[in-house]
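Take a look at the structure set out below.
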Amino acid sequence: MEHRDPHFNILLATDSYKVTHYKQYPPNTSKVYSYFECREKRADPTKNRKVKYETTVFYGLQYITNKYLKGKVVTPEKIQEAKEVYREHFQDDVFNEKGWNYILEKYDGHLPIEIKAVPEGSVIPRGNVLFTVESTDPECYWLTNWVETSSNIQVQQGLEPGVQSGALVVPPCPCPGPGKVNFKGTDTVAGIGVIKKYYGTKDPVPGFSVPAAEHSTITAWGKDHERDAFEHIVRQFPNVPVSIVSDSYDIYNACEKIWGEDLRSLIESRSADAPLVVRPDSGNPLDTVLKVLEILGKKFIPTENSKGYKVLPPYIRVIQGDGVDINTLQEIVEGMKHHKWSIENIAFGSGGALLQKLTRDLLNCSFKCSYVVTNGLGVNVFKDPVADPNKRSKKGRLSLHRTASGDFVTLEEGKGDLEEYGVDLLHTVFQNGKIVKTYTFDDVRDNAKITDSDLKELLH
């Protein structure tokens, strides 16, 4: 099945300066080898960031290779289009028309590169190689870093030790976000389509949702009829969970008077499989959640679980979706823990704060050349800026290994070829225009699962 966007032109999907790079490599260069990592970052005492991102969930490369790189991506029409664009863009003929025609003629428009990567969903500490790219034809040495822009569309989201969250893809179209990897609840319909198309799951769909109100479906009834709106919506969905935004006017009155008194018997008649989910959507997230739980706890008497935390009756729950990001999420959970409320009482939703607050700089994502072949001689190359030791890059051909103690280690300068270090965790996933290894979304989720040891470390 062909997944590539027919309108996408790989010849135009790069940074302008890369168009001229084929003229800048040393004469007689025949291979360029580059890698991607999320660099380790030394602590900066001047920056008070609450969350430390020390590991990365690697996810999304399969989407990129399928959508943008595989198959016949070079055509005479796309070469001509690029030639005209760059002629105007640079006001000069700097475009490598000869090189692209070579790919068209010799490889029928397939890209002569090889990509190796860690399994999708892998949780890898920062500072380790995540994938490598190299040219497979001496005439196309310049192609390796041309595709940096396409492959680097990925932005991996970091995690603190033991805390699982998703990496995300931010291509110029609807896409799967962080929650898709670790949770099955989602409202991103476009993301479901992307996952089904480029990964596939054992489930009919990779994510599920529930009926839910928005403010318009409440306020359309008028301020004096909020109770009627609530009752109507609850009765419309008697057999599934239903989320109702309750802060159109006064969230605390809604919880105490409408839910807790006027509609109490209606809510108590619902099953554990079809709870009412009360949604506050304004105010300080922690303060609001705690006050909502306190009010509901007086109207719907909670029980105490085996760990001594309060749990509302199974027919009523809370969802917080306003102002949720990785920092406020932890604040809310810690506040609930302090006030002896179980995490069972609440669900969280987050959209923009998970997607738009992340950039490649959050994890110091870096795509750098580490090895070239010039005049038939392999040379380990690197950068080491005197003004910023954090930007020192790795040398030579790289491999990723697991030590006997379970730690990850990246070996430089081809040392991984020695048998003593064991298997290389980087697997070829793309070669000369073809996808050679794929992962289902179930594989991604399995690879990203939190382990028992991670959980113990987190809880202690």
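The values are calculated or read from the model by the stated rules, or taken from the named source; none is laboratory data. All values reported here derive from a predicted model rather than from experimental measurement. Cβ atoms come from the backbone with ideal geometry, glycine included; neighbour counts cover every protein chain shown. To get the accessible areas, we keep the full protein, side chains included, count just its heavy atoms, and leave off ligands, DNA and RNA. Shrake-Rupley method; radii C 1.70, N 1.55, O 1.52, S 1.80 Å.
Give just the number: which of (1) of a type outside the set (Gly, Ala, Ser); (2) modelled with pLDDT of 75 or more; (3) farther than 18 Å from Asp442 by Cβ; (4) open to solvent by less than 20 Å² (accessible area, probe 1.4 Å) does Val194 not satisfy?
Exception for Val194: condition (3).
Got at least one residue in the range 12-27 being crowded, with 16+ Cβ neighbours inside 10 Å, closer than 20 Å to Arg126 by Cβ and either among the acidic types (Asp, Glu) or modelled with pLDDT of 85 or more (or both)?
No, the range 12-27 contains no residue that is crowded, with 16+ Cβ neighbours inside 10 Å, closer than 20 Å to Arg126 by Cβ and either among the acidic types (Asp, Glu) or modelled with pLDDT of 85 or more (or both).
Since His401 meets every condition but one in (1) under 30 Å from Pro27 (Cβ atoms); (2) open to solvent by less than 50 Å² (accessible area, probe 1.4 Å); (3) free of Cβ contacts under 8 Å to residues at least 60 places away in the same chain, which condition does it not meet?
Single failed check for His401: (1).
Please specify each residue of the range 72-123 satisfying the condition of being out of contact with any helix residue (DSSP H, G or I) (no Cβ under 8 Å at 6 or more places or on another chain), within 30 Å of Val409 (Cα to Cα) and among the β-branched types (Val, Ile, Thr).
Result: Val118, single match.
Which members of the range 405-432 meet the condition of being surrounded by 12 or more Cβ atoms within 10 Å (Cβ to Cβ) and either hydroxyl-bearing (Ser, Thr, Tyr) or part of a loop (DSSP other than H, G, I, E, B) (or both)?
Looking only at the range 405-432, we keep the residues that are surrounded by 12 or more Cβ atoms within 10 Å (Cβ to Cβ), and these are 408-416, 421-432.
Selection gives Thr410, Glu412, Glu413, Gly414, Tyr421, Gly422, Val423, Asp424, Leu425, Leu426, Thr428, Asn432.
Table: residues versus (1) surrounded by 18 or more Cβ atoms within 10 Å (Cβ to Cβ); (2) not small (Gly, Ala, Ser).
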| position | (1), (2) |
| --- | --- |
| Pro206 | yes, yes |
| Ser209 | no, no |
| Glu214 | no, yes |
| Thr217 | no, yes |
| Trp221 | no, yes |
| Ala229 | yes, no |
| Val234 | yes, yes |
| Pro241 | yes, yes |
| Ser246 | yes, no |
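Does Gly376 satisfy the criteria of being at positive phi, open to solvent by 50 Å² or more (accessible area, probe 1.4 Å) and modelled with pLDDT of 90 or more? Break it down stepwise before answering.
Working: at positive phi: yes; open to solvent by 50 Å² or more (accessible area, probe 1.4 Å): yes; modelled with pLDDT of 90 or more: yes.
When the stated conditions are applied, Gly376 passes them.
Criterion first (open to solvent by 40 Å² or more (accessible area, probe 1.4 Å), over 15 Å from Arg279 (Cα atoms) and part of a helix (DSSP H, G or I)) does Lys202 satisfy it?
Working: open to solvent by 40 Å² or more (accessible area, probe 1.4 Å): yes; over 15 Å from Arg279 (Cα atoms): yes; part of a helix (DSSP H, G or I): no.
So Lys202 fails the test.
Answer yes or no as to whether Arg39 is open to solvent by less than 50 Å² (accessible area, probe 1.4 Å), over 24 Å from Lys434 (Cβ atoms) and either of a type in the set (Lys, Arg) or modelled with pLDDT of 90 or more (or both).
yes
When the range 433-460 is examined, which residues are found to be open to solvent by less than 70 Å² (accessible area, probe 1.4 Å), assigned to a helix (DSSP H, G or I) and at pLDDT below 75?
Asp454
Looking only at the range 395-418, how many residues end up being among the aliphatic types (A, V, I, L, M), within 23 Å of the chain's Cα centre (by Cα) and more than 18 Å from Ser366 (Cα to Cα)?
0
Only one residue in Arg227, Arg264, Arg317, Arg235 is basic (Lys, Arg) and closer than 30 Å to Arg445 by Cβ. Which one? Before the answer, list the steps.
Details: Arg227 fails: closer than 30 Å to Arg445 by Cβ; Arg264 fails: closer than 30 Å to Arg445 by Cβ; Arg235 fails: closer than 30 Å to Arg445 by Cβ.
Among Arg227, Arg264, Arg317, Arg235, only Arg317 is basic (Lys, Arg) and closer than 30 Å to Arg445 by Cβ.
Scan the range 56-78 for residues that are touching a residue at least 40 places away in the same chain (Cβ under 8 Å) and over 17 Å from Ser150 (Cβ atoms) and jot them down.
If we filter the range 56-78 for residues that are touching a residue at least 40 places away in the same chain (Cβ under 8 Å), which is where we start, we get 56-74, 78.
If the condition is that a residue be touching a residue at least 40 places away in the same chain (Cβ under 8 Å) and over 17 Å from Ser150 (Cβ atoms), then Thr56, Val57 are the ones that fit.
Every residue in the range 16-33 that is touching a residue at least 60 places away in the same chain (Cβ under 8 Å) and either part of a helix (DSSP H, G or I) or touching a Phe, Trp or Tyr at 6+ places or on another chain (Cβ under 6 Å) (or both), please.
Ser16, Lys18, Val19, Thr20, His21, Tyr22, Lys23, Thr29, Ser30, Lys31, Val32, Tyr33, listed by residue number.
Which residues, taken from the range 224-268, are touching a strand residue (DSSP E or B) at 6+ places or on another chain (Cβ under 9 Å) and of a type in the set (Phe, Trp, Tyr)? Write out each step before concluding.
Step one: filter the range 224-268 for residues touching a strand residue (DSSP E or B) at 6+ places or on another chain (Cβ under 9 Å), giving 229-230, 233-234, 236, 241-247, 251, 254-255, 259, 263, 266-268.
Selection gives Phe230, Trp259.
Cβ-Cβ below 7 Å, separation at least six or inter-chain, first residue in the range 383-394 and within 13 Å of Cys365 (Cα to Cα), second surrounded by fewer than 10 Cβ atoms within 10 Å (Cβ to Cβ) and at pLDDT below 80: which pairs?
Asn390/Arg42
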